[in-house]
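**Q** Sharing a structure here in structure tokens format.
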Amino acid sequence: MAEEEKPGSIQTQSEPEGSIRPFPTPPRNPGTVRVFALVVGINDYRGQIPRLNGCLKDVDQVAGYLRKKFGDPGKAPATTVLNGAGNGHASGGSPIQVETDGRLQLCTLTDSQATYDNIVRGFREHLSNATDKDTVWFHFSGHGAEQFAAPEFKALDPNGKDQALVCYREENDTNSQLFLADKELAVLLHEVSKKRPHIVVSLDACHSGSGTRDLAEPEGLKPRTFLFLQSANQEDPALLPDVSAVRSFDSYLGGIYSKMDHLDIPVAEHVLLSACESVQTAGDLPQGGVFTSSLIQALDEAPGPIHYASLFAKTRARASKRRSAQNPQFDTIGGFDPYTSFLLGEPMGDITNYYEVFRQGGGWYVRCGAIHGLPAGRQEQIRLMISSDNLKDEDGNPLKVGAHIEKVGAQHSRIVLMEGASLAENGEYFAEVLAMPAPPLYVKLEGADKAALQALQEAWDASKNVLPAGPAGDTEPPALTLEATGSESFIIRDAQSGKLLVEVPAEAGGTARRVRLVQQNLDKIARWKRMIALDNPNTRIRNLFDFELLVTDKNRNTVAYREKKVTIGGTDDLLHRTANGSGILGINFRVRLNQASQDLYFYAFDLSSGCAVKFRSDEEKVIRVANMNAGDTMQLRTAPYGWGLGPDDQEATRWFKLLATTEELDYHQLEQAGLSGDRDWVEEEFAPEKISEDWCAETVKVTLLRQKAG
């Protein structure tokens, strides 16, 4: 049922269906990328804020890595002093220095330098100089804390709290800000993003500090959290008498939100690597933070460029060896591509997922489950290949170990190693899914280029259950047709509608390369179709909430849809017209809580007809039952994004999917870029009071039809 709502805001960044673009924008040159880094570490907190031991070591580790990768060892670094002049904003704090070393522009703020004012200036006077050819990296090591957010933010953030970084402040200084809130960091990142640099944020801090501690913590470990709030009641005093438990609205970055005509938390495209889950504590050791040390080790040991999804998995594996009660987190925000190379921002082609293998309770598990598409019931047919940098045969050659799934869980599955195989308990392992008993996707092969068809069949990879169709009646009707044309191109079409999905042209390379591109595109189509079909009929959480798709027209009128299939008539008086002639609507997502009995995590995805799967929430959204009541709502984006009809489109179809889980999800594993003929493509404990290891999905198919106003 659709419900009309009051006018809201709409962003004009459009994403019309349009035609499939054959070649991407030329990538950045990795040999000329400059890195603008702001690296902050605080050990020497004052007053009632506990001191830390390893944050300055973190600064040394991050700065050392950057100097090694981007510095010029043959030339002494130059130093520039920033004094706050000409940045367009009121500034305070002491002069700060920027070191220029080769392609590295590095600003480090430690202890007494790392005040609120200086960190803000580091963004506005230093990081904002980065262009679309550059990379920005902000790293913070220190305490995190929670503060009650200004009540004006309640509609945008029903949880009602700021997640804040604790800055340095002298004990008797009551005039300076202590906390840099997440809503302030969002504004600063948005300012930096205006020139479109590649942005990386890493935070070795924690906010809630409410998680359990490992019974066997490493010697010397401290939590990097400052328990500023003494209760869940906003009226109760906080730990520091001169700092209010509730943030005032005009205190955020000098009143920047109070000056807005329409309240909105801005979103910048970036990746966020953080130390732990929201209910865990980040570990601080004299030799450095558990997270930062694991991150730099993973980078140092990488044989070459590494994409963010792989870096995250390797960082988490190393962190768990240092401290089992800490699970680093990875968020792609504003459409950031997790399969680009760290700091260089280059697309890395083939995105075959490797899932972490870990030891737990006497058994081996893989971080892959039903929510990733593994089917229950035939789990013994799901074959894996486990590899590791440490697995070698007697001659020192890489060794791989086979395995199969014994029990499919929601996000983690128990595995059995092949007979005679073994793994060291302290090793670091990753598994690739080799065969999965998913319903096959059949492809009809046709065309004039018989040699190309023969080469394609000889190289065919059937492990993903994408299979050539047999004679009529021998197999299910084909879902796709694949034509090898006389002009040495491959064309993939939808078998039912005849719609062109992608063409791999002769210019893409020789036959072997074009065959590989065809296989990659077929794999993407299969993953896309399975993502649309993904569901959990046995879930126990679906009745805890309702999912609503919010569609906003050019007059800022919003309609909430709850149906599974929606058809919208796109008339000129509804569609916002962009500069290139596209007609778009605003898309957002909302969940409405029916029962406040279970913490839930929500992830919204957009599945285009070009087979792209994009994470569309601003970030992972969590409903905390301690902060929300039945009937409360939460939008998954602070503002809509645009989607609609290209200039020549008469119809466009999109699928919008919500995944709800009882535990945090590595959602980036479900994302993929759209189809391309790119010439550069290289491509259980029983606890009835709380549901666990559960998930469910909601899918809405929307078709937009061009109509004349009348």
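**Q** Based on this model, can you work out whether Leu534 counts as under 28 Å from His372 (Cα atoms) and touching an Asp or Glu at 6+ places or on another chain (Cβ under 9 Å)?
**A** Criteria not met by Leu534.
**Q** Name the residue that is farthest from Asn521 (Cα to Cα), counting only residues in segment 416-461 that are among the β-branched types (Val, Ile, Thr) and over 28 Å from the mean Cα position of the chain (by Cα).
**A** Val416
**Q** Let me ask something else about it. Would you mind stating whether Glu476 is charged (D, E, K, R), surrounded by fewer than 16 Cβ atoms within 10 Å (Cβ to Cβ) and touching a Phe, Trp or Tyr at 6+ places or on another chain (Cβ under 7 Å)?
**A** Yes.
**Q** Going residue by residue through segment 370-382, is there one that turns out to be part of a loop (DSSP other than H, G, I, E, B), acidic (Asp, Glu) and modelled with pLDDT under 85?
**A** no
**Q** Can you pull out the residues in segment 115-154 that are under 24 Å from the mean Cα position of the chain (by Cα), of a type in the set (A, V, I, L, M, F, W, C) and not in a helix (DSSP H, G or I)?
**A** Hits for segment 115-154 are Ala130, Val136, Trp137, Phe138, Phe140, Ala145.
**Q** Then there is this: Enumerate the strands (runs of 3 or more DSSP E) found wholly within segment 577-686, keeping only those where 1 or more residues are among the hydroxyl-bearing types (Ser, Thr, Tyr) and under 16 Å from Val702 (Cβ atoms).
**A** 600-608, 641-645, 651-661
**Q** If you don't mind, there's one more thing I want to ask. Which condition from (1) closer than 18 Å to Val192 by Cβ; (2) modelled with pLDDT under 85 is the one that Cys276 breaks?
**A** Unmet for Cys276, out of (1) closer than 18 Å to Val192 by Cβ; (2) modelled with pLDDT under 85: (1).
**Q** Could you list all residues from segment 437-452 that are open to solvent by 40 Å² or more (accessible area, probe 1.4 Å) and either at pLDDT 90 or above or touching a helix residue (DSSP H, G or I) at 6+ places or on another chain (Cβ under 8 Å) (or both)?
**A** Those that are open to solvent by 40 Å² or more (accessible area, probe 1.4 Å) and either at pLDDT 90 or above or touching a helix residue (DSSP H, G or I) at 6+ places or on another chain (Cβ under 8 Å) (or both): Lys444, Leu445, Glu446, Ala448, Lys450, Ala451.
**Q** Give the residue that is farthest from Glu346 (Cα to Cα), with candidates limited to residues of segment 48-70 that are touching a Lys or Arg at 6+ places or on another chain (Cβ under 8 Å) and either of a type in the set (Lys, Arg) or surrounded by fewer than 21 Cβ atoms within 10 Å (Cβ to Cβ) (or both).
**A** Checked segment 48-70; the qualifying residue farthest from Glu346 (Cα to Cα) is Pro50.
**Q** Still on this structure, please answer the following. Among the residues of segment 353-367, is there at least one that is within 20 Å of Met385 (Cβ to Cβ) and at pLDDT below 80?
**A** yes
**Q** Please enumerate the residues belonging to segment 383-408 that are open to solvent by less than 30 Å² (accessible area, probe 1.4 Å) and at pLDDT 85 or above.
**A** Passing the criteria: Leu384, Ile386, Val401, Gly402, Ala403, Ile405, Val408.
**Q** Can you name every residue in segment 485-518 that is open to solvent by less than 50 Å² (accessible area, probe 1.4 Å) and part of a helix (DSSP H, G or I)?
**A** Matches in segment 485-518: Ala506, Ala508, Arg514, Val515, Leu517, Val518.
**Q** If you take the residues in segment 552-588 that are hydrophobic (A, V, I, L, M, F, W, C) and under 18 Å from Gly646 (Cβ atoms), which one is surrounded by the most Cβ atoms within 10 Å (Cβ to Cβ)?
**A** Here the answer is Ile584.
**Q** Inside segment 47-66, can you point out the residues that are part of a loop (DSSP other than H, G, I, E, B) and not basic (Lys, Arg)?
**A** Those that are part of a loop (DSSP other than H, G, I, E, B) and not basic (Lys, Arg): Gly47, Gln48, Ile49, Pro50, Leu52, Asn53, Gly54.
**Q** Here is a follow-up. Spot the failing condition for Thr212; the list is (1) at pLDDT 65 or above; (2) assigned to a loop (DSSP other than H, G, I, E, B), and only one is missed.
**A** (1)
**Q** Related question: Would you confirm whether or not segment 107-114 contains a residue that is surrounded by 24 or more Cβ atoms within 10 Å (Cβ to Cβ), more than 21 Å from the chain's Cα centre (by Cα) and among the small types (Gly, Ala, Ser)?
**A** yes
**Q** Given the conditions (1) part of a loop (DSSP other than H, G, I, E, B); (2) modelled with pLDDT of 75 or more; (3) hydroxyl-bearing (Ser, Thr, Tyr), and given that Tyr252 satisfies all but one, which numbered condition is not satisfied?
**A** (1)
**Q** Residue under question is Thr633, and the condition is that it be within 22 Å of Gln329 (Cβ to Cβ) and surrounded by fewer than 21 Cβ atoms within 10 Å (Cβ to Cβ); does it hold?
**A** Taking the combined requirement at face value, the residue does not satisfy it.
**Q** Let me ask something else. Is it the case that Lys657 is open to solvent by less than 20 Å² (accessible area, probe 1.4 Å) and modelled with pLDDT of 85 or more?
**A** So Lys657 fits the description; yes.
**Q** Does segment 261-268 contain any residue that is at pLDDT 80 or above, outside any helix (DSSP H, G or I), among the aliphatic types (A, V, I, L, M) and surrounded by fewer than 16 Cβ atoms within 10 Å (Cβ to Cβ)?
**A** Yes: one or more hits.
**Q** Of the residues Ala90, Ala85, Ala114, which is at pLDDT 95 or above and closer than 25 Å to Asp173 by Cβ?
**A** Sole residue among the options that is at pLDDT 95 or above and closer than 25 Å to Asp173 by Cβ: Ala114.
The values are calculated or read from the model by the stated rules, or taken from the named source; none is laboratory data. Being a predicted model, the structure only gives us computed values, none of them experimental. Reconstructed Cβ throughout: ideal geometry from the backbone, glycine too, with neighbour counts over all protein chains shown. In case anyone asks, the SASA skips ligands and DNA or RNA and just uses the protein heavy atoms, side chains included. Shrake-Rupley method; radii C 1.70, N 1.55, O 1.52, S 1.80 Å.
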